[in-house]
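The values are calculated or read from the model by the stated rules, or taken from the named source; none is laboratory data. All values derive from a computational prediction rather than experimental measurement. Reconstructed Cβ throughout: ideal geometry from the backbone, glycine too, with neighbour counts over all protein chains shown. We work out accessible area using only protein heavy atoms, side chains counted, and drop any ligands, DNA or RNA first. Shrake-Rupley method; radii C 1.70, N 1.55, O 1.52, S 1.80 Å.
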Amino acid sequence: MSQFGPDYVRAIAPYQAGKPIAEVAREFGLDEAKIVKLASNENPFGIPESSRAAMAQAAADLGRYPDANGFELKAALSARYDVPADWITLGNGSNDILEIAAHAFVQKGESVVYAQYSFAVYALATQGVGGRAIVVPAKDYGHDLDAMAAAIEPDTRMVYLANPNNPTGTFIPAAEIEAFLQKVPSNVVVVLDEAYNEYLAPEHQFESSQWVRKYPNLIVSRTFSKAYGLAGLRVGFAIAQPAVTDLMNRIRQPFNVNSLAQAAAVAALNDKDFLEKGAQNNAEGYKQLTAAFDELGLEYVPSFGNFVLVKVGMDDQAGARVNLALLKQGVIVRPVGNYGLPQWLRISIGLPEENAAFIAALRKVLG
Ligand SMILES: *Cc1c(COP(=O)(O)O)cnc(C)c1O
C-alpha cells in the first residue's frame, strides 16, 4: 500500500468502466467490427450530424482557449429550461458536476446521503473529499425516500438522488421528490441527477428545473452523454440558484468544457429529431429485450432509462460468469458486482440488430 496521500484517498476503489471494443477484440482475438457494445449506456446512434457539423466549424479556433463562461451554451440552456444563465454551471460531463458539488459543499468528516445501488460516482465524489457516506438501503432496487430523509444527520451536507437511477433503472415520480425536498433541511444540498431524463415517456416528464426556483438548496444535474449522444466529448450541466451556482463555479476549473464540446452541445440541444429518434428506438429496444427476458424466465427491474438490469443466475458468480461467456461471443455488457449485484448484468439498449445479437448470445450462454 502506498504511503502517500490521506487515508480516505487510499480507500477509494477505482471506477470500473465498460470495456472498450478494441480491448475486448485484443483480449479475445475477435474482429472489432463484429463486437457489440451494450455496456456504458451510450447512444446507439452515436453523435448527431448537427453536432458533427458544429464541431467542424469550431475546430478552426482550437488554438484558442474555450469560452470559460460557455456563453452560447448557457444561453441555449437558459432558453430551453427557462432559467437565467447565471443559474447554470457547466461540467466536463455531469460526473464533473457531481464532484464539483462535493468539493463545494462537503468538508472532510461531514456526511453525504445516497441510496444503495445508486450511481457509483456518488461514493467516489464523497470519498474524494473525505466525506462520510450514509448509504440508505434500497427499496425494490430504488430509492427509499422516507428512509433517506430520516437518515439525514446534523452533519449531513448533501444528498444525491438519481432519477432514473443507474444501474437499476428505477424512477421516482415528481410528487414523491417534491415531498422529499420539503422534508430536507434547507442547509442540506440535494443533487438531483437526471442523466436519463430525456428518455422518460411524456407522462413521466416534469420540469425539475422549475423546482430550483422554489428550493434554494436544489441542484438539478443533466448530461449530453446519453440521449444527446455526446459521451466522448464530456458535457453536462447543473441548474441551481445563484448562491449555490456561484460556489460551484469557484470550484470548477475555468476551462472544464472544451470548445468542440460546447459547440456540439448547442447543436444537439436544438436537434429535436435526434432526441425523438433515440427515444423511439429506446422504447422499442426495451420491449425487444424484456420480451426475450420474459421468454427466458429471467427477472429484470422495470427500467426508465436506456438500459435494463437483468438477473442471469442465482449464485454470486452468475454475473461474472455470464459476462465472460458473452465477451467470448463479442458482446460487451456491464457486470454490476461492484454495486453489490453479483447475480445481475446491466444491458444498454442498442439498435435492433445489436439487441438481437445480444439476445442470441445470451440464449446460447444460458443453454
Ligand atoms: C452516465 C451517468 C452520469 C454521468 O455521465 P457524464 O457522461 O459524466 O455526463 C451521471 N449520472 C448517472 C446516473 C449516470 O448514469
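Here is the P(r) of region 72-195: all C-alpha pair distances, binned every 5 Å from 0, give 2, 11, 21, 22, 21, 14, 7, 2, 0 in whole percents.
Under 1.5 on a/c is rounded, so check that first for region 188-343, then, if it is not, pick prolate when a/b is larger than b/c and oblate when it is not; a ≥ b ≥ c are the square roots of the alpha carbon gyration tensor eigenvalues. Prolate. How would you classify region 183-249 from its alpha-carbon gyration tensor, with a ≥ b ≥ c the square roots of the eigenvalues: rounded for a/c under 1.5, else prolate if a/b is greater than b/c, otherwise oblate? Oblate, because a/c is 1.5 or more while a/b does not exceed b/c. Taking the DSSP beta bridges with both ends in region 66-170, the antiparallel portion is around 10 percent. For region 134-225, the set of GluC sites (Glu not before Pro) satisfying both a DSSP loop assignment and a count of at most 10 other C-beta atoms within 10 Å is empty. Here the gap between Glu353 and Asp140, fully extended at 0.36 nm per residue and compared with their Cα-Cα distance, gives a gain of 73.6 nm. Rg over Rh for the chain works out to 0.96, both radii taken from alpha-carbon positions and Rh defined as the Kirkwood radius.
Shown here for region 143-237: trypsin sites (Lys or Arg not before Pro) in loop regions (DSSP other than H, G, I, E, B) with at most 14 other Cβ atoms within 10 Å, of which there are none.
Counting only DSSP beta bridges with both residues in region 161-298, the antiparallel share comes to about 40 percent. Extent along the principal axes, Cα only, for region 252-367: 49, 32, 25 Å, with the longest axis given first. When the square roots of the Cα gyration tensor eigenvalues are ordered a ≥ b ≥ c, the ratio a/c for region 116-158 is 1.5 or more and a/b does not exceed b/c, which makes its shape oblate.
Spin-label model, Arg80 to Asp294: label points 7 Å out along the Cα-to-beta-carbon direction sit 3.4 nm apart. Region 309-339 and region 114-128 have Cα centres spaced 22 Å apart. Comparing Leu145, Thr170, Phe274 along the charge dipole axis of region 142-275, the residue lying farthest to the positive side is Phe274, per the Cβ-charge model.
Of the DSSP beta bridges with both residues in the chain, give the percent that are antiparallel, rounding to the nearest 5. Around 50 percent of the beta bridges assigned by DSSP in the chain are antiparallel ones. Ordered from largest to smallest accessible area (heavy atoms of protein chains, 1.4 Å probe), the residues Tyr199, Tyr228 come out as Tyr199, Tyr228. For the residue pairs Lys183/Lys287; Lys287/Lys311; Lys139/Lys272, alpha carbon separations beyond 26 Å are given by Lys183/Lys287; Lys139/Lys272. Computed from the alpha carbon atoms alone, the convex hull of region 1-135 holds 220 Å³ per residue.
Averaged over its residues, the chain has an accessible area of 44 Å² per residue, based on protein heavy atoms and a 1.4 Å probe.
In plain terms, the chain from Arg52 to Ala13 could stretch by 10.5 nm, reckoned as 0.36 nm per residue minus the Cα-Cα distance.
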